[in-house]
Amino acid sequence: MSAVRTAKIFLVGSVGLFGLLTGLDNIIDYRTNFEVVRHVLSMDAVPADSVLKWRAITSPAIQALVYWVIIALELLYASLCLLGALRLIGARTAPGARFHSAKDVAIAGLAIAFALFFFCFLVIGGEWFQMWQAGPWNMQQPAFRFLGSIGLVLVFVTLPDGDL
């Protein structure tokens, strides 16, 4: 098995483990990150005179729903990445075309992870709910670190193998 294939398997599995840990941590220690979601959605840390505060969601039920959607997406991408890593392990000694076609589940998981951190955290949280103005509740820097890491893994995994 080549070092490149080993690296692809390891990195996909690592992203899967990351998603599993974050999803489970958000369930086990529900209040900690729910507070971030609640403050961002309610826009209570955004300056009071902001003309964008009409976007705020203050319903506890909707805030909880949004948080559970985030947790579900974390667990979904985790499952797909871990399953994808297993599929890649199964195809590790196969010809390039077979190994490349085994990447589909891993790529789906990585794409969902990328979309979660880009669309949900940076676009919706960061801009729609003005998280960048939310002081201690601004999670754009961590989201960007996750996005960058996952994006690099996604690009690396999608590259064709040398024997294609």
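Of all residues in the range 5-16 being in contact with a helix residue (DSSP H, G or I) (Cβ under 9 Å, 6 or more places away or on another chain) and surrounded by fewer than 14 Cβ atoms within 10 Å (Cβ to Cβ), which is nearest to LEU110 (Cα to Cα)? Checking each candidate, the answer is PHE10.
For the range 38-59, the criterion of a residue being in contact (Cβ under 8 Å) with a residue 12 or more places away in the chain, part of a helix (DSSP H, G or I) and touching a Pro at 6+ places or on another chain (Cβ under 9 Å) is satisfied by at least one position.
Only a single item in (1) in contact with a Phe, Trp or Tyr (Cβ under 8 Å, 6 or more places away or on another chain); (2) more than 18 Å from VAL155 (Cβ to Cβ); (3) crowded, with 17+ Cβ neighbours inside 10 Å is not met by SER79, and it is number (1). A Cβ distance below 6 Å, combined with a sequence gap of six or more or placement on separate chains, defines the contacts here; from the range 1-27, residues that are touching a residue at least 12 places away in the same chain (Cβ under 8 Å) and over 15 Å from VAL157 (Cα atoms) reach residues that are among the acidic types (Asp, Glu) and surrounded by 14 or more Cβ atoms within 10 Å (Cβ to Cβ) in the pairs GLY19/GLU74; THR22/GLU74; GLY23/GLU74.
Exactly one residue out of LEU83, LEU73, LEU65 is without any contact (Cβ under 8 Å) to a residue 12 or more places away in the chain, in a helix (DSSP H, G or I) and out of contact with any strand residue (DSSP E or B) (no Cβ under 7 Å at 6 or more places or on another chain): that is LEU65.
Any read-out appearing in this document is the output of simple, stated calculations on the displayed coordinates, not a laboratory observation. Everything numeric in this text was worked out from a predicted model, so none of it was measured. Here the Cβ is made from the backbone with ideal geometry for all residues, glycine too, and neighbour counts use every protein chain on show.
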